[in-house]
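To start, the structure under review is shown below, and the notes come after it.
Nothing in this text is a laboratory measurement; each read-out follows from the coordinates by a stated rule. None of the values given here were measured: they were computed from a predicted structure. Cβ: placed from backbone, ideal geometry, glycine included. Neighbour counts: every protein chain shown.
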Amino acid sequence: TDYGPASGSKGSTGYAPASGSEGTTGVVSADAEVGDTVKFGSFVSGADQEESSLEWVVLEKQDDRALLISKYGVDCLPYNDQWVKTTWADCSLRSWLNDSFLEEAFSSDERKSIITQTVVNRDNGGNSGGEITEDQVFILDIKELEKYFSSDEDRKIMPTEYAQNKGAFVDTQNQACWYWVRNPGDDAKYAAYVNCKGDILHRGNLVFGNTFAVR
């Protein structure tokens, strides 16, 4: 998820500037409405390593910025690459999103348009959510998923072919995959996730699980 500019505004999730932001090119059209899909950046999506435009859903528009979330599961990665007590602040997924993914998916000018956001990491299941972080790209937490998606059905997504080939689990009946949520689970070595029915599983799963998509 990311925040970016909303002119003609801008995974994961993040904020991008909107029309009229100084020194940036608008990512999201000023006419774009919440729920619309916009294209920004590019990433490997197919079995042959070909890249295609990243598609984002507009979750929120605030003044000159918009909050976007990827329409699909863009990759398949563990929440953390080791099975240890982990929070969002120190997990390997956060590092990947704000380093490798940013570099690979966006040009230098596009990266400049993604707004760094203060991210509050809430507790869950009696476990600390960890330190407040400053992120350009992040995944949503439980409360945010409940805020922006009114039903389980709305939370369901499919992974890209690339993510599926890397191991993202797909339920063929529900035509949906599992994807990570930012909060810890009921154990500090677990992270919450959304299942193939769109339910938010507060109890979570092993942080080094390798069948979860990244949204």
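Of note:
- With both residues required to sit in the chain, DSSP beta bridges show an antiparallel share near 90%.
- Where only alpha carbons of the chain are counted, the Rg and the Dmax (Å): 16.0, 47
- Cα-based equivalent ellipsoid, region 32-92: semi-axes from gyration tensor eigenvalues, Å: 26, 20, 8
- Dmax and Rg, reported as Rg then Dmax, of region 111-205 (C-alpha, Å): 14.2, 41
- About its Cα centre, the dipole of region 2-214 is roughly 440 debye, where the only charges are +1 on Lys and Arg Cβ and -1 on Asp and Glu Cβ.
- With a cut-off of 20 Å on the backbone N, the residues of region 141-160 near the modelled label site 7 Å out from R122 along Cα-Cβ are 141-156.
- Computed per residue of the chain from DSSP H runs no shorter than four, each worth -39500 (n - 2.57), the mean residue ellipticity at 222 nm is -2500 deg cm²/dmol.
- Each 5 Å bin from zero up to the one holding the largest Cα-Cα distance in region 99-143 carries the following percent of pairs: 5, 18, 24, 19, 14, 10, 6, 2, 0.
- Using the Karplus relation 6.51 cos²θ - 1.76 cosθ + 1.60 with θ = phi - 60°, the per-residue 3J(HN,Hα) values for region 97-111 come to 4, 8, 10, 4, 4, 4, 5, 7, 8, 10, 6, 4, 5, 5, 4 Hz, with x marking Gly and Pro.
- Couplings for region 28-37, taken from phi via the Karplus curve 6.51 cos²θ - 1.76 cosθ + 1.60 with θ = phi - 60°, read 10, 4, 4, 8, 5, 10, 4, x, 6, 9 Hz in order; Gly and Pro are left as x.
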